[in-house]
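Okay, structure first, notes after.
Computed from the coordinates by the stated procedures, all read-outs in this text should not be read as laboratory data. Note that the structure is a prediction, hence the values are computed from the model and not measured. A quick note on method: Cβ atoms are made from the backbone with ideal geometry, for glycine too, and the neighbour counts reach across all protein chains shown.
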Amino acid sequence: MKRIWKTTAVLLSTCCFLGMFSCKGEETSGSSAEPTQKVYLQAITGADAVTKVEADYFLLAEPAVSAQKRNGFSIKGDLQALYGGEQGYPQAVLVAKTELVQENPEWVQGFVENLAASMAGLGTATGAELVQAVASHMDDPDAATSLKAPLLSSEVVGRCGVRFTYASACKAEVNAFLTEIRAVNEKAAAIPADKFYWDYLSAKTSTATLDKEVTVCMPDGAPALALAKLMQADTETDGVTYKVVATDLIASKVTNKDAAKNADLCVLPVTAASKLLGSGEKYQMLGTVTHGNLYLISKDGEMLTAENMETLQGKKIGVLKINEVPGLTLKTVLNKYGLDFEEITNG
């Protein structure tokens, strides 16, 4: 019995020693690996929420971004630059009824050429002139545009990302962006058919005049700014009616069951255009009208670049339109930099 006890004691001692060695190794391993912190995203319902919600950064679009200077905020990150690439990400696109494109290609070409030229010349108009042009074309005559004349300096207009790129020239970047959006939320976008993209170079001449009134709809804000010069030159006899629509109603202008009631041309978020019209059967995309006007703002946050995006770990970002292009683009950018994120409701 004595010999057995000694043998057992030796075995227990050996096991304890090995166990201590093993446990010590596990503790060392666990203590040296810090858990990765997430970036916390909280939906906000309007730009004024920046004064009511506590967050390290906020994601807004110009010109709402510049309006927050009065509250002590400044731009700390350009989502367009952080996304990268030659063209960045496409934000809003112009579509036209396929029937209109096929029957009146020369008129469509002329309209697009005038639009591109007018967008390039936005800097020649004053803020008051731009706001007046948009305000006078509100679909709801009792509604006021969100654009404010004092904010629309040439610098702010430049940050609105307004420029036209033909569909045939931006097809690859649009598809790439939509693919990345789908990696964040598969239901948020679709990959359009090839015929959705209008080929400007191969359009055949038909007639430069129209025998009907053409309606052009766009959401308020930067997309309306993109067409402001055309609206400024609008006359009652030019055959075109412009309508500036509340952002949350713009999709209804292309989805009415009675096709005759739908807009002939319409500016839509690229995600909505891909989901609702991507087959190319009813509408074709003529081109992009805005390439990124989203910015991260903060009072005290660090300036964000491609080299220090990890500083967002553990930070909270208030996001306007978290389930639409702004929020989806931010999530896409966070994915690019390998940053985990989580949506929160408060705190």
Taking 286-295, 308-317, 173-182 and ranking on average Cβ neighbours within 10 Å, highest first, one gets 286-295, 173-182, 308-317
Rounded to the angstrom and largest first, Cα extents along the principal axes for the range 224-346 equal 56, 32, 27
Within the chain, which whole H helices from DSSP have a Cα span along their axis of at least 15 Å and a mean Kyte-Doolittle hydropathy of -1.0 or more, if any? 2-32, 105-120, 167-184, 325-336
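Taking only C-alpha pairs under 8 Å that are 6+ residues apart, what is the relative contact order of the chain in percent?
Over the chain, the number comes to 38 percent.
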Among the range 86-110, those whose backbone N falls under 17 Å of a label point 7 Å along Cα→Cβ from A259 are 95-105
Starting from the alpha-carbon convex hull of the range 177-286, give the projected area averaged over all orientations, in nm². 8.3
Packing-based order for 100-108, 187-195, using average beta carbon neighbours within 10 Å, highest first: 100-108, 187-195
What pairs in K187/K299; K257/K336; K187/K336; K257/K321; K52/K243; K195/K253 have C-alpha atoms more than 30 Å from each other? K187/K299; K257/K336; K52/K243
Given bins 10 angstrom wide, list per bin the percent of all Cα-Cα distances in the range 76-118, short to long. 22, 33, 26, 17, 2
Solvent-free Debye scattering, log10 I(q)/I(0), computed from the Cα coordinates of the range 92-290 at q = 0.17 Å⁻¹: -1.18
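When ranked by the protection proxy of mean other Cβ atoms within 10 Å per residue, highest first, what sequence do the peptides 115-123, 334-342, 321-329 form?
Highest-to-lowest ranking by the protection proxy: 321-329, 115-123, 334-342.
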